[in-house]
Amino acid sequence: MEDLIKLFLSFLKVGSLSFGGAYSLLPVIEHETVVHHSWLTNDEFLKILSMVEIIPGAISIKFATYTGYKVAGIPGVIAANLGNLTAPVVLISLAVYFYSYIESHEYVKNALNGVKFAILGMILAIVYQYTLKSSDDWLGYMFLAMGAGAFSAGIFHLMTHAFFKALLFLGAGAVIHSMQLIISVGFTIT
């Protein structure tokens, strides 16, 4: 029974701190399952991480299922997943109810923008931590470089996306305006 309570509370923590989804919560899962409770080893955590990538669904649910089953069988699976899902279900229910009242408030907008940068920091921390732990050879550093390149491309896309979208709509508007002008003057294409 004590294991079930620990599983529930550990994955309640994971579910409560899973802002930004998948990769941003890996440090919390790793801390709870490897460091705090020693349910998994570092090597086992990395192997499970590789395994859960090929199975559809949320990473936290797959880790809760694996860890729960390893610690306490089917009751452990149920306890870990209930803990994992409790906070998001409660918070989403409250957010849906209150969002229309607070969506235009400046502090809410700033807080939501701040969460994006916190998530970015968490993702960078887990990439750095596991690249150093998992490999001392050139292959691991090559994957780190590829990840950094993809991350840089993603940030570039994020920063320039609005600019290019504006150019697209301006261009489309210019074409539509030109077509209206051609039609109103009475030009025909022969």
Estimated vicinal HN-Hα couplings, Hz - region 109-122 in sequence order (Karplus 6.51, -1.76, 1.60; Gly, Pro = x) | 4, 5, 5, 5, 5, x, 4, 4, 6, 5, 5, 4, x, 5
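Given all pairs of different Cα atoms, what value in angstroms does the Kirkwood hydrodynamic radius of region 1-117 take? Could you put the intermediate results ahead of the total?
Working: mean 1/r = 0.0661 Å⁻¹.
Computed over Cα pairs of region 1-117, the Kirkwood hydrodynamic radius comes out at 15.1 Å.
Using a 1.4 angstrom probe on the protein heavy atoms only, line up LYS62, LYS6 by accessible area, largest first. Don't jump to the answer; show the numbers that get you there.
Values: LYS62 30, LYS6 80 Å².
I get LYS6, LYS62, largest accessible area first.
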Expected vector for region 97-103, Karplus 3J(HN,Hα) from phi with 6.51, -1.76, 1.60 and θ = phi - 60°, integer Hz, x for Gly and Pro, equals 5, 9, 4, 4, 7, 10, 4
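For region 72-126, divide the Cα radius of gyration by the Kirkwood radius and give the resulting Rg/Rh value with two decimals. Intermediate values should be presented prior to the final figure.
Numbers: Rg = 16.1 Å, Rh = 13.9 Å.
Using only Cα positions, Rg/Rh for region 72-126 is 1.15.
With a cut-off of 8 Å between alpha carbons and a minimum separation of six or more residues, what is the relative contact order of region 32-91 in percent?
Working: 44 pairs, mean separation 13.3, N = 60.
RCO, region 32-91: 22 percent.
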Loop-resident chymotrypsin sites (Phe, Trp or Tyr not before Pro) in region 1-75 with no more than 15 other Cβ atoms inside 10 Å, DSSP not H/G/I/E/B, are PHE19
Counting only protein heavy atoms and leaving out ligands, DNA and RNA, the solvent-accessible surface of LYS70 at a 1.4 Å probe, in Å² to the nearest 10, equals 100
Tell me, what is the 1.4 Å probe accessible area of LEU9, in Å² to the nearest 10?
-> 100
What nm value, rounded to one decimal, do you get for the distance between VAL89 and ALA58 when each label is placed 7 Å out toward the C-beta?
-> 1.0
Whole-Hz Karplus ³J(HN,Hα) for region 29-36, in order, using 6.51 cos²θ - 1.76 cosθ + 1.60 and θ = phi - 60°, x for Gly and Pro?
-> 4, 4, 5, 5, 8, 9, 7, 6
Given R₀ = 25 Å, FRET efficiency for GLU106-HIS31 by Cβ-Cβ distance, to 0.05?
-> 0.15
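The values are calculated or read from the model by the stated rules, or taken from the named source; none is laboratory data. For clarity, every value in this text was computed on a predicted model and none was experimentally measured. As a convention, Cβ positions derive from the backbone with ideal geometry for all residues, glycine included, and neighbour counts pool all protein chains shown. For accessibility, only protein heavy atoms count, side chains too; no ligands or nucleic acids. Shrake-Rupley method; radii C 1.70, N 1.55, O 1.52, S 1.80 Å.
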